[in-house]
Amino acid sequence: MADRKQRHRYLGPLSREIEEFVEFKRQLGYAYTNPEYALIAFDRFCVETENQGLAPLQLAEKWVKQIGDKPKHDRGHSVRQLGQYLTERGHPKAFTILTTSGNAPMAIGIKPSIFAAEINDFVSQKRLEGRKYDDGEFVISAFDKFCAMQENEFLIPQQLADAWIYKSKGKGRTYIATVREFGIYLTTQGSEKAFTVQYANRNTPKPVFRGYTSMFAEAIESFLKDKRAKGLKYRDNEFILKGFDRFCNEHPGMSPQQLAEAFIRYQADRSRDKQKGSTYVINSLGSYLAENGYPNTFEIADEKHIAGPYSEEISTFVDFKKSCGYKYRASGYQLRCFDVFCTLKENEHLKPQQLADRWVLKKDGEHPNTRAGRVGPVRVFGKYLSIIGHPMAFSIADDAARGADPKPPYLFAEGDIDIFFRACTELEPDETGASMHIVLPAAFLFMHCMGVRTCELKILMEDVSFETGEIVIMDAKTGNRVVYMSEELSNCLLKYILAVEKVFPRRKYLFPASTNRSRNDFAKRFSEIWTRSVPDDGRGKPRLYDLRHHLLYRNVELCMRNGGDVNVLRPYMMRHMGHRLPESFQYYFHLSPPIRKELSRIKSDLDWMIPDVMEVPYE
């Protein structure tokens with residue numbers, strides 16, 4: 001402040017008033033830098049020869065109308081607020097300058113309102129909850145100034161709230177919702193100044209949520225934690241669970257099944273959309289309770305579900321698979337599709353084996369992999385029925401509905417990889433996302449160095465530790481696992497974090513995607529960059545997933561070249577890559593040409609151990 005005074009000394013007829021007003025703004029916590037420059041220009045304007053002798057109102061009106069050296073961004077706002085400040089203080093030099101739309105200037109709020117202390121506590125609590133609350137603070141400050149106005153000083157809290165609602169109609173829901181939330185806060189605190197702002201449908205606001213307290217409290221918290229661990233926001237669904245928890249407390253004496261069904265009916269009475277969303281969430285919670293052994297279980301019947309001839313057997317079979325550690329989500333869905341298929345009118349007279357044979361038939365335009373995906377679970381289910389001796393058992397041949405042969409892994413040349421990553425460093429921002437030119441090189445480098453699956457790039461920031469180099473891969477194909485970065489990779493990602501923070505400061509993921517957080521977008525962009533940067537040598541194009549293959553066979557190759565024992569390397573690589581079966585690791589032995597060359601050399605060196613085949617004369 002002292003430095004600013006040294007740069008400019010106020011000399012006009014309003015010099016003392018301007019200095020007091022700027023100091024008042026600073027005491028409220030505002031930097032007030034740009035507005036101060038505007039007031040400095042106004043002060044100089046007041047001492048110009050042609051303006052000497054004018055009254056404060058005349059000076060202000062002339063300043064607002066003229067263009068001159070007035071800061072363009074201010075447009076007279078600072079001088080207008082100066083006049084309002086003097087007016088609220090009852091100063092003899094007070095003046096009023098209307099806005100360009102003819103409205104009176106916004107109240108300064110020099111006098112504290114009756115809610116001053118409560119508003120300060122309310123905003124502080126919002127910040128402690130992790131919310132920025134910038135818009136909310138702006139609205140609640142305007143409400144505070146409104147309550148401090150002279151014409152409102154004799155109104156009680158409820159009258160002040162009602163007057164604010166009447167004044168705020170047409171300005172937006174935030175102006176009403178924020179004050180409603182403040183009223184709920186005062187009610188919860190037991191304040192004598194509490195008031196109520198009803199919703200548009202005349203409903204009274206519910207009390208502030210203070211945690212789950214119903215018989216499902218522990219299960220709901222665990223359920224939400226499980227959803228968040230999978231990277232889901234689950235905010236709208238959490239709102240439904242809060243309503244369900246409150247509903248359970250309001251209806252004691254009902255069983256878990258009755259509570260779930262009654263809540264769905266209650267939501268249906270409110271609207272069809274609420275019933276649809278609530279049915280999904282409560283059904284998911286019921287399934288979670290059953291899967292994790294909670295006592296208060298329930299099941300919501302699906303109105304659209306058609307129970308076929310195998311419905312009970314399928315439920316038992318799916319539960320058996322899940323008990324063995326399989327997720328069995330997609331397969332369970334295919335089994336229920338088969339059950340519905342059996343109920344179709346054209347299939348009602350077919351025998352079990354005929355139903356299975358018809359299910360195997362290829363549909364028009366169906367991809368071999370899609371066909372294999374729906375036939376495979378039914379084949380296993382048929383074997384299960386045969387084993388338990390079920391009268392409606394059937395069989396499907398193992399070679400029926402085979403999927404397409406997998407694309408062979410692409411064998412990278414080290415020179416091509418260098419060309420590709422040089423091209424990544426030259427990416428420019430585009431319309432797909434302001435940060436993608438920063439995110440893509442880091443994501444591709446991570447794939448190259450860590451060999452994770454493409455779907456495993458969905459890494460939460462909270463699951464990364466740069467101090468230890470530890471990264472937790474959640475909800476992977478074979479379950480959760482921990483991988484470790486090298487110090488060099490950790491340093492590279494730290495530089496990436498500093499760069500991406502500038503354009504994506506509040507991201508949730510280590511590698512935020514550009515399209516609905518879809519990792520498929522990464523694979524598409526990888527293909528585009530490779531095609532335009534790496535010369536085509538006739539071997540086709542790699543996929544992003546091939547970087548995972550490259551890591552494994554490169555380590556196997558280096559181990560063999562250095563005379564190491566691959567059998568020692570195998571358990572470490574299997575753990576890192578997330579392989580459950582040794583066959584998944586063994587598959588990579590035949591991929592790399594250097595490995596095949598090494599194996600050929602070993603074979604030729606060991607030829608002396610293989611005895612010669614004697615010629616046996618046959619007559």
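Relative to a virtual label point 7 Å from the Cα of E20 in the Cα→beta-carbon direction, which members of segment 124-152 show backbone nitrogen distances below 19 Å? Residues 150 qualify, since their backbone N sits under 19 Å from the label point.
Spin-label pair K351-D537: with each label point 7 Å from Cα along the Cα-Cβ axis, the two points sit 5.9 nm from one another. Across segment 544-580, the residues whose backbone nitrogen lies under 12 Å from the label position 7 Å along the beta-carbon direction of K407 are 544-547. Taking a spot 7 Å from the Cα of E462 along the direction of its beta carbon, which residues of segment 484-511 have an amide N less than 19 Å from it? Zone members listed by number: 505-511. Ordering 33-40, 165-172 by mean Cβ neighbour count within 10 Å, with the highest value first, yields 33-40, 165-172. Take the residue pairs K93/K171; K145/K242; K327/K458; K25/K65 and return only those whose Cα atoms are more than 29 Å apart. From K93/K171; K145/K242; K327/K458; K25/K65, over 29 Å: K93/K171; K145/K242.
Between N249 and S287, how high is the FRET efficiency from 1/(1 + (r/R0)^6) when r is the Cβ-Cβ distance and R₀ = 22 Å? Nearest 0.05. Please list the in-between numbers first.
Numbers: r = 23 Å, r/R0 = 1.04.
Step by step, r from the Cβ atoms, then E = 0.45.
Working ranking of peptides 46-59, 550-563 by packing, defined as the average number of other Cβ atoms within 10 Å per residue, highest first, is 550-563, 46-59.
So if R0 is 51 Å, what FRET efficiency would E414 and R173 give, r being the distance between their Cβ atoms, rounded to the nearest 0.05?
Numbers: r = 59 Å, r/R0 = 1.16.
Efficiency, from the Cβ-Cβ distance: 0.30.
Among 533-539, 182-188, 397-403, 570-576, sorting by the average number of other beta carbon atoms lying within 10 angstrom of each residue, highest first, gives 182-188, 570-576, 397-403, 533-539.
Estimated from the Cβ-Cβ distance and a Förster radius of 60 angstrom, the FRET efficiency linking A217 and L54 is about 0.30.
Rule-based calculations on the coordinates, nothing more; no lab input. Model, not experiment: these values are computed from the prediction. Quick reminder, even Gly has a Cβ in these numbers, built from the backbone with ideal geometry, and neighbours come from all protein chains shown.
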